[in-house]
There are 2 protein chains.
Amino acid sequence: MRARILAATGALLLDEGMAGVTIERVAELSGASKTTVYKWWPSKGALALDGYFHAVESALAFPDGGDVEVDLVAQLRSLARLLTGTPAGRVIAGIIGQAQTDPDLADVLLRHYSGPRRDLAVEVLRQAQECGQLRPDLDLDVTVDQLWGPFYHRLLLFPNMPITEEYATALVRNLLAGIRT
Amino acid sequence: MRARILAATGALLLDEGMAGVTIERVAELSGASKTTVYKWWPSKGALALDGYFHAVESALAFPDGGDVEVDLVAQLRSLARLLTGTPAGRVIAGIIGQAQTDPDLADVLLRHYSGPRRDLAVEVLRQAQECGQLRPDLDLDVTVDQLWGPFYHRLLLFPNMPITEEYATALVRNLLAGIRT
């Protein structure tokens, strides 16, 4: 039932944005009672972010082929497709936007979506570091910001600039090899 | 008079956010007539973004010492101080947030602030590239996203994470030298 509720929420969110997500419609679409939905999710925001996570999780899975460059390129190219080939980009941009003036939503965004995704990325980078593929003194949180931050920079500040698979590849190559001559 | 109007707008904006900026208060504070303000700025949003640009321009100036690493570190450390030591960070986060659901503000943000600042950054990187300090095949727009995007990633998605001068330095070192072993 939990998975059906999340699937219904994710579908409503990607179809209609935050405005389309109401506890009533989620209950109707999933076959759950409203009481059940309320029991598991304290707020509409928490439900929406969990539904978003559920909807995008498989697209954003990290492959584990053992070569950090290959794995990062695959994950970031999948993110590029998600942000530009589906409504997910505009949906998450709207949520991040609203979070700037809505502290409750900001808290839910961090705890239910951006925080867990960052933790996962740091863990993937830590494994590569422990295998000797990344510099031992590297700050992995700074690295996360330089690989995933650029997508949000374009999404939120430069909606006129393309987010393509080539863009994803260039981000990884630049950071791994460096840009100096 | 133009400079006085922009200074008044910037001061109101940094003190009180977008809600504090009204044509009336800008006119009063600068000594200009409302007609004059309306003549030069078609909307409150355009005036506010020009006021923001005016207020932060000197803090975000690019030094030109001839060494791209030194110059970038200085500019980005200054940005870190601005975003965390002054109200500018919360102000621009609020504007970017509102722009996600307000196409007019998004257009004004791009034309009056983020676009011109990106053009300036690309120009600085192009000069370093022409001097042979950056790889000749480098996509300078991707580079901009990897140096400035991380600040907005933390500001907008991870308000719990610090934006310090050490952070700024790490961003430049990572990207210039690369993170691979």
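Key figures for this structure:
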| quantity | calculated |
| --- | --- |
| Residue within the range B:170-179 that is surrounded by 20 or more Cβ atoms within 10 Å (Cβ to Cβ), free of Cβ contacts under 8 Å to residues at least 12 places away in the same chain and of a type in the set (S, T, N, Q) present | yes |
| So B:G115, is it at pLDDT 95 or above and open to solvent by less than 60 Å² (accessible area, probe 1.4 Å) | yes |
| Residues that are in contact with a strand residue (DSSP E or B) (Cβ under 9 Å, 6 or more places away or on another chain), in a loop (DSSP other than H, G, I, E, B) and either of a type in the set (A, V, I, L, M) or closer than 30 Å to B:A99 by Cα (or both), drawn from the range A:134-181 | A:I179 |
| Condition met for B:R90 (within 23 Å of A:I92 (Cβ to Cβ) and free of Cβ contacts under 8 Å to residues at least 60 places away in the same chain) | no |
| Selection status of B:I96, open to solvent by less than 10 Å² (accessible area, probe 1.4 Å), under 23 Å from A:T164 (Cα atoms) and assigned to a helix (DSSP H, G or I) | yes |
| For B:G115: the one exception among (1) free of Cβ contacts under 8 Å to residues at least 40 places away in the same chain; (2) touching a Ser or Thr at 6+ places or on another chain (Cβ under 7 Å); (3) under 30 Å from B:S43 (Cα atoms) | (2) |
| So B:D102, is it open to solvent by 30 Å² or more (accessible area, probe 1.4 Å), at pLDDT below 95 and over 15 Å from the mean Cα position of the chain (by Cα) | yes |
| Residue match in the range A:21-34 (condition: under 22 Å from A:G89 (Cα atoms), touching a residue at least 40 places away in the same chain (Cβ under 8 Å) and outside the structural domain of A:P87 (by TED's automatic domain parsing)) | no |
| Candidate set: the range B:127-159, residues that are under 18 Å from the mean Cα position of the chain (by Cα), more than 17 Å from A:A170 (Cβ to Cβ) and within 7 Å of chain A (Cβ to nearest Cβ); chosen: the one surrounded by the most Cβ atoms within 10 Å (Cβ to Cβ) | B:L156 |
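Conditions tested, residue by residue: (1) open to solvent by less than 40 Å² (accessible area, probe 1.4 Å); (2) within 13 Å of another protein chain (Cβ to nearest Cβ); (3) modelled with pLDDT under 95.
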site	(1), (2), (3)
B:A59	yes, no, yes
B:D64	no, no, yes
B:V68	yes, yes, no
B:R77	no, no, no
B:L83	yes, no, no
B:D119	no, yes, no
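The values are calculated or read from the model by the stated rules, or taken from the named source; none is laboratory data. All values reported here derive from a predicted model rather than from experimental measurement. Quick reminder, even Gly has a Cβ in these numbers, built from the backbone with ideal geometry, and neighbours come from all protein chains shown. Heavy atoms of the whole protein, side chains included, go into the accessibility calculation; ligands, DNA and RNA do not. Shrake-Rupley method; radii C 1.70, N 1.55, O 1.52, S 1.80 Å.
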